[in-house]
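Here's the structure we're looking at; comments come further down.
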């Protein structure tokens, strides 16, 4: 009778074969974090309760969720350039003193959004680019449904997370291909796609469009 196939991981542990590389990669990653005893306990419990096939499926789900949790808990790299944005509040990924600091390069590495729109404060339609607010939220392992956005002059407004995701709201860093200076609403500007969504042209949304952004507090 053919023997069940296994894939070998580090520390001499055996992982059930299930698209081998997926299981191997997850186990190797978690073992590197010192999770060996936890993994062994999960393997034994799954085998006793679910049998070999159930163990394989259960282990795959466990590894997926554990890797996601481990990534969220992993510290952010420290900024190498001038800090443009500080994120604090209900977050799990930081790079010092319980806050997450981003320089320009770090912000540009996040998923970006673009929009061509008029605004109540600028002349003509402009092409704005910058990281999605939702991507910043994800990058810091945040928990909460509101982003309290604070400007350099301490003006502040709350942007609901569901709204930011629905409309692809960005933290604009560039206007028409150029960095935005402080005197022209920069260096960061909460920008809604006003032209694409006329329903956003309200006083409430305009109030949330904070410019000269310095900090975000997740609540």
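Each row is one residue, and each column tells you yes or no for (1) assigned to a loop (DSSP other than H, G, I, E, B); (2) over 14 Å from residue 119 (Cβ atoms); (3) assigned by TED's automatic domain parsing to the domain that holds residue 128.
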| site | (1), (2), (3) |
| --- | --- |
| 149 | no, yes, yes |
| 171 | no, yes, yes |
| 183 | no, yes, yes |
| 187 | yes, yes, yes |
| 190 | no, no, yes |
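Hey, can you tell me all the residues within the range 179-216 that are within 19 Å of residue 85 (Cα to Cα), in contact with a helix residue (DSSP H, G or I) (Cβ under 9 Å, 6 or more places away or on another chain) and exposed (fewer than 14 other Cβ atoms within 10 Å of the Cβ)?
Selection gives 179 alone.
Please tell me if residue 155 is in contact (Cβ under 8 Å) with a residue 12 or more places away in the chain, under 30 Å from residue 98 (Cβ atoms) and over 18 Å from the mean Cα position of the chain (by Cα). Don't jump to the end; show me each part of the working.
Values: in contact (Cβ under 8 Å) with a residue 12 or more places away in the chain: yes; under 30 Å from residue 98 (Cβ atoms): yes; over 18 Å from the mean Cα position of the chain (by Cα): yes.
Criteria met by residue 155.
For the list (1) at pLDDT 95 or above; (2) assigned to a loop (DSSP other than H, G, I, E, B); (3) at negative phi, I need the number of the one condition that residue 165 fails.
(2)
Kindly provide the set of residues from the range 108-130 that are within 24 Å of the chain's Cα centre (by Cα), crowded, with 17+ Cβ neighbours inside 10 Å and under 18 Å from residue 176 (Cβ atoms), ordered by number.
113, 115, 128, 129, 130
Give the number of residues within the range 190-219 that are over 13 Å from residue 167 (Cβ atoms) and in contact with a strand residue (DSSP E or B) (Cβ under 9 Å, 6 or more places away or on another chain).
11
The values are calculated or read from the model by the stated rules, or taken from the named source; none is laboratory data. This structure is a prediction, so every number in the text was calculated from the model and none was measured. Neighbour counts are summed over all protein chains in view; Cβ atoms, including those assigned to glycine, are modelled from backbone coordinates with ideal geometry.
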